[in-house]
Every structure is written in structure tokens, then in C-alpha cells.
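A short worksheet on the structure shown next.
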């Protein structure tokens, strides 16, 4: 029809008066392109987006699975056509040459020795140059790539910049151009292509368990266990579901791996729409770590009880990786800094990294600490017989308390490297009121007739 991208609406309507014009939704277009890229994962895990309308597939080592490069390219274009897409593609040893031929030539497989002859008749815009550079080349009569191949390189670089020669060398394979995949590349991957699509959850879990059996043998050879797994489900209509599950420790037991995805299916509920079924399943190990062999007894159980780890893994699979946390001791004597809640994922490494102490070190000796520690100390009004003594009574949360017994003080100095050199010290008291309730109060600062009076705070409850 003579229409082209970036053409003005008035000019386009003059060419095609019955043209329908709607507002572009760039976010939806991007989402659609990402969905097509997910669909292309069936051919290779190395898939990268290119601009707003292109996708790069690094099919190195994958083409023989589909009958060769030509058969793979034909299969991609045929399937995309069946999905309602008009796509063009090319296969070559360089991304630049494939990009040029796909957009300005015909879909074909280009041999390395034919790169120059295929590239020569294409317009200079096929080198992915900025529009101003293309216009400048046209003004000088350089309209085809073949004109640049025979021209001296030094004058071209001086007049049009180094990008021109870089793009030319990338297309000819003289300079490497890496393709960065949009998804992390799995350390191990197992795939099943099904003769008939399946829909049921039980069938999916059964196949996932079978693929996990193959993963187990591969992980044993490497002496590793998986910490993060991904199950890809390719639906027959092109949609792809990515289901990720992590563990608190390295595992390779097929039953535990299948149980992870059973919990994930339960958490997804209606979000996992099988439609007309799934035709390809792939199980990836996204993260693996060293995993020592454990000698089991005659019942098949190991000497270490893994029930807690199993519970943690299943809870994280259903409710998310941050659903469980564990308190970890810190190198600080200030109560609100003495511990930190960390996710149980990567628990051992996180403890050592944050606490900064070797495993098995003994925490410093301290007096008794309350069962419940308030997140932020709350101010109280307290009266004491002597300036440095325990309070006789105090008022907290609009309730008056009379003190029956008191222990202390336990003096804690401020951490000057955090709070500053002028930070006041704290004197902590363990208090029991007339009703038998026990509290943990502290006085901030010392009595000084020439300074501000110390303040009292409630920091915890014993019972």
C-alpha cells in the first residue's frame, strides 16, 4: 500500500483514505514482544530483544535439534504465521548480518563466505546507523553497503565517525558483537516435548518429577544441588508460564523438587490457565551450589533431620520467599540492634555476612533480656527515691504502676561510631509492679543539676 513506519497521518490517509488510526500503546507493544520472546525460548534459552520489533536468537548448538538451520528458521516463521504474525528472519554467524537481511533482504541462511556478497546490495540503513548518518551517506552518493566495502576506510571514519566502520565490521564478522539474553541462563536444563498436549496438574507434576530424576543424576556428577528451580510451561497457543521455586538449602531429591512446584501450583490457583494444554515442559536449575553426599540408613533416611528444611521450602513456595524470617545475633550491645530478622533463604551465608563473626562464636554475656522487646522504646513518667536509683512508680500508656521490686542498673554505653560521641548512656532496670508484671525500663542520661533531666523509657516486657 506504500505505507511505512514514522509516516505522517495526513500523508498516510492521502495514500489510503480508509485507513483506521488508533493511539499506540507502547507498554502493550513491549509486553507483546516480550511474550513472543518467551515463546522463542522453545528454540534456545539465549533470546534477546532488539528494539521495538526484533528478537535475536543465539541458536549455536541448537539447530541440529530441529533438522538444521534452514529447518529451524522455517519452523519459527511458520509457527509465527499460524499465531497471526507476519515475521521475517535470517540466520548467519553475526547478529548484524542477520538483522540486515531480515529487514532489507529475504529470509535465508547465509554462509560465512557469502556475507560480503549478500550485504553489498543492501541499503546503508541495513547497518543499523543513525538516520542522520544515513542521510549524510546518501548525499555523498553512498547508498548501498557495497559502496562502503570498496571505499577507503580512513576517509569514511574521519567524515562519518567510527560507528560506521564498527557496524560494517560487526556485520562482516570482523568484530564480535555479543547478544545479552533477557533471562538468566540456566546451569542445567531438562526438556520434554509432548506428542499430545496435557492440562491436568497431576500430569504436569508427574512429568516434573521425571525430569527432576534426570536432573538428580546430572547434579550428582557435578557434586551440586539446586537452590533455585524454574519450570517453563509452553502452551499450544504460544503463551509461556514461568514458575520459579527456591529452597533454603541445596537439594536434588526429585520428590522434594516436585513438591516445590506442587505448592507453587496451589499458590497460583486460577492464574495458571492450561487452555488447550501444554506441549513443551522445561525444568531449569537457575542456581546450584556444592552439595555433599550423605550416607543414609537402611530405612532410606539420612543422619540429619531435614523436616525443618522441607517445611521452609514448602512455605516459601506457597507464600513467597520472604514469608519466613529468623532472628540473627549482631555485634552490638544496644538492644534494638542486637538482633536482625533475616530471610531463611541463604540463611547461613546471610548470618555470616551480616553478623561478621565466625560460625560457632559465643555471644557476649548479658543480663536477662525481656521476652518481648518493643520496636521503639516508649517514654514513661517515672519517680525515684534517689537520683541514680530505680523508680518507685511510673506511668505508661495512661496506666499508673507502683514498683514492688527492682534490679539494676545495667549500664549500656552508646555506640559512638553510630550515635556520636555525645550520645547519652542508658541505665536499665528490671521492674516488678504490685500486680506481678515485670518490665524492662531504662533511664537515658545522668542526673546533672546544670543539664536537662534524664528521661525514662519502656523497652520491653518480661511476662
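The values are calculated or read from the model by the stated rules, or taken from the named source; none is laboratory data. The shown structure was predicted, so the numbers you read here are calculated from the model rather than taken from an experiment. Reconstructed Cβ throughout: ideal geometry from the backbone, glycine too, with neighbour counts over all protein chains shown.
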Item checked: helices (runs of 4 or more DSSP H) within region 88-173 that include 3 or more residues closer than 18 Å to residue 50 by Cβ and in the same structural domain as residue 56 (by TED's automatic domain parsing) -> 95-104, 162-172
Notebook entry, point to check: Given region 1-83, what helices (runs of 4 or more DSSP H) lie entirely inside it while holding 1 or more residues that are in contact with a strand residue (DSSP E or B) (Cβ under 9 Å, 6 or more places away or on another chain) and either surrounded by 17 or more Cβ atoms within 10 Å (Cβ to Cβ) or outside the structural domain of residue 279 (by TED's automatic domain parsing) (or both)?
Noted result: 26-39, 69-82
Check: Can you name the residue in region 199-231 that is assigned to a helix (DSSP H, G or I) and in contact with a helix residue (DSSP H, G or I) (Cβ under 7 Å, 6 or more places away or on another chain) and, of all such residues, is farthest from residue 253 (Cα to Cα)?
Finding: 201
Notebook entry, point to check: Would you pick out the residues in region 444-463 that are touching a residue at least 40 places away in the same chain (Cβ under 8 Å), part of a strand (DSSP E or B) and out of contact with any helix residue (DSSP H, G or I) (no Cβ under 8 Å at 6 or more places or on another chain)?
Noted result: 455, 456, 457, 458, 461
Notebook entry, point to check: Could we say that residue 414 is assigned by TED's automatic domain parsing to the domain that holds residue 386, surrounded by fewer than 18 Cβ atoms within 10 Å (Cβ to Cβ) and without any contact (Cβ under 8 Å) to a residue 40 or more places away in the chain here?
Noted result: no
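To keep it simple, each residue is scored yes or no on (1) under 30 Å from residue 110 (Cβ atoms); (2) without any contact (Cβ under 8 Å) to a residue 24 or more places away in the chain.
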position	(1), (2)
171	yes, no
190	no, no
204	no, no
216	no, no
249	no, no
269	no, yes
Check: So which residues in region 232-245 are assigned to a strand (DSSP E or B) and surrounded by fewer than 19 Cβ atoms within 10 Å (Cβ to Cβ), if there are any at all?
Finding: 241, 242, 244
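Quick grid of which residues meet (1) at pLDDT below 75; (2) over 25 Å from residue 434 (Cα atoms); (3) surrounded by 13 or more Cβ atoms within 10 Å (Cβ to Cβ):
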residue: 305; (1), (2), (3): yes, yes, no
residue: 308; (1), (2), (3): no, yes, no
residue: 332; (1), (2), (3): no, yes, yes
residue: 345; (1), (2), (3): yes, yes, yes
residue: 350; (1), (2), (3): yes, yes, yes
residue: 372; (1), (2), (3): no, no, no
residue: 375; (1), (2), (3): no, yes, no
residue: 386; (1), (2), (3): no, no, no
residue: 391; (1), (2), (3): no, no, yes
Next item on the list: Return a yes/no flag: does region 252-273 have any residue that is within 27 Å of residue 59 (Cβ to Cβ), touching a helix residue (DSSP H, G or I) at 6+ places or on another chain (Cβ under 9 Å), exposed (fewer than 15 other Cβ atoms within 10 Å of the Cβ) and not assigned by TED's automatic domain parsing to the domain that holds residue 126.
Entry: no
Note to self: Against the definition (out of contact with any strand residue (DSSP E or B) (no Cβ under 7 Å at 6 or more places or on another chain) and surrounded by 14 or more Cβ atoms within 10 Å (Cβ to Cβ)), how does residue 187 come out, yes or no?
What the structure shows: no
Margin query: Take residue 29 and tell me if it is closer than 30 Å to residue 91 by Cβ and free of Cβ contacts under 8 Å to residues at least 40 places away in the same chain.
Written below: yes
